[in-house]
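Report on the following structure.
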Amino acid sequence: MSKISIIGAGSIGATTAFALLQKGVATEIILNDINQEKALGEVLDLIHGSSLCKPCKISLGTLEDTANSDIIIITAGLAQKPGETRLDLVDKNYNIFKSFIPTLAKLSPNSILLVVSNPVDILTYMTYKLSGFPKNRVIGSGTVLDTARLRSLLGKYFEIDGRNVEGYVLGEHGDSEFVAWSELSIGNIPVKSFSEQFNIEWDKETENVIATDVKNAAYEVINRKGATAFSVALALVRIVEAFLGDEKSILTVSTLLEDYLGVSNAYLSVPTIVGKNGIEKVLDISLSDEEKVKFINSANLMKEYIDSIDNK
Ligand SMILES: NC(=O)c1ccc[n+]([C@@H]2O[C@H](COP(=O)([O-])OP(=O)(O)OC[C@H]3O[C@@H](n4cnc5c(N)ncnc54)[C@H](O)[C@@H]3O)[C@@H](O)[C@H]2O)c1
């Protein structure tokens, strides 16, 4: 039995519900949204196809209906408007999150809170503060999506299965994220040796092009279809599966760091082991000096927002 509640039934919430239904990982899915009509439309659409999938009860729900969820996925929130600073956005989202996080936490005291809304690292920290949950049960989707994009793009570049790429995008889910190239391998072979073995061009410039493509992936999609949805939903299903199946999978979710490469009290993405307790372990990773600087830079960017949340 697994009950998953999704707060926010927009592009990501609805597509995630669809992906969860198709994968058969939940026995109950609740969709909650302030736009009840739109959410009901999504629920009905899902219900109509549900007899083609493993049994799963799908409903439109109030916050109370989310009680005793195993996982609550939070995709609600406001996007930045022209002329608005990110701090303004943090203030607005603080009020929105305050309207549901304490209630959700009280109704599902043993759940995992999985935050997706952007800026995800900051809103996950906010959720951690508002919920009073231990840090292992408040997770941001972080750079799981960006890491998937990296592996997919490298898979395409080298014409291999992207699942055989062992490498990560770390730091903020946003402009300061970076690829940890120093540790990246394909089938356990360092990427440079792999490229030499198959006589495929590989240099610093190729690295930069791929890292930039990963970073700009969302913009490329949003500019054409308005929002990203499929890839995000698949990344969320991956995290949910790791938790529900107690898989101990290594995923770059956003986690509260304590004394990690000199960073404390900030949510950022690093490789972590995800299982039934949420974040079970945070892995140490050896980064080059240049990558360490990028990581600290991501953390420094969080500081102003964290201070503004801590002072509320
Ligand atoms: N972390 C990631 O990897 C990632 C990737 C893409 C998008 N996102 C973020 O996910 C969020 C959702 O994106 P989207 O494209 O689905 O947006 P969307 O606008 O389509 O959906 C957001 C939904 O939230 C609902 N909502 C607003 N306030 C609410 C409240 N108080 N209670 C319940 N529902 C509420 C809205 O009615 C809307 O249906 C955005 O913040 C986006 O930036 C994150």
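The values are calculated or read from the model by the stated rules, or taken from the named source; none is laboratory data. Model, not experiment: these values are computed from the prediction. In this analysis, Cβ positions are derived from the backbone assuming ideal geometry, glycine residues included, and neighbour counts consider all displayed protein chains.
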Query raised in the report: What residue, of Ser131, Ser141, is of a type in the set (Gly, Ala, Ser) and buried (at least 24 other Cβ atoms within 10 Å of the Cβ)?
Result: Ser141
Query raised in the report: Residues in region 107-132 that are under 15 Å from Val240 (Cβ atoms) and touching a Leu at 6+ places or on another chain (Cβ under 8 Å): how many?
Result: 5
Requested in this report: Give the residues of region 172-198 that are surrounded by 19 or more Cβ atoms within 10 Å (Cβ to Cβ) and under 14 Å from Leu154 (Cα atoms), sorted by residue number.
Outcome: Val179, Ala180, Trp181, Leu184, Ile186, Val191, Phe194
Query raised in the report: Among (1) within 14 Å of the ligand (Cβ to nearest atom); (2) farther than 29 Å from Leu20 by Cβ; (3) assigned to a helix (DSSP H, G or I), which single condition is Asp175 missing?
Result: (3)
Query raised in the report: When you go through Thr16, Thr66, Thr62 one by one, which is the residue that is buried (at least 22 other Cβ atoms within 10 Å of the Cβ) and more than 19 Å from the chain's Cα centre (by Cα)?
Result: Thr66
Report summary line: Of those in region 19-59 that are in a strand (DSSP E or B) and touching a helix residue (DSSP H, G or I) at 6+ places or on another chain (Cβ under 6 Å), the residue surrounded by the fewest Cβ atoms within 10 Å (Cβ to Cβ) is Ile58
Requested in this report: Could you please tell me which pairs satisfy a Cβ distance under 6 Å, a separation of 6+ or placement on different chains, a first residue in region 178-193 that is in contact (Cβ under 8 Å) with a residue 60 or more places away in the chain, and a second residue that is among the hydroxyl-bearing types (Ser, Thr, Tyr) and surrounded by 21 or more Cβ atoms within 10 Å (Cβ to Cβ)?
Outcome: Ala180/Tyr168
Requested in this report: Looking for whichever is away from the ligand (no atom under 12 Å from the Cβ), at pLDDT 95 or above and β-branched (Val, Ile, Thr) here; the options are Ile58, Ile72, Ile101, Ile34. Which one fits?
Outcome: Ile58
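Yes or no, residue by residue, for (1) over 22 Å from Ile296 (Cα atoms); (2) among the hydroxyl-bearing types (Ser, Thr, Tyr):
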residue	(1), (2)
Glu172	no, no
Ser182	no, yes
Lys192	yes, no
Ala211	no, no
Val221	yes, no
Leu236	yes, no
**Report entry** Unique match (being touching a Phe, Trp or Tyr at 6+ places or on another chain (Cβ under 7 Å), away from the ligand (no atom under 14 Å from the Cβ), acidic (Asp, Glu) and within 17 Å of Gly155 (Cα to Cα)) among Glu201, Glu207
**Finding:** Glu207
Requested in this report: Tell me which of these Gly262 doesn't satisfy, since it passes every other one: (1) closer than 18 Å to Phe178 by Cα; (2) surrounded by 15 or more Cβ atoms within 10 Å (Cβ to Cβ).
Outcome: (2)
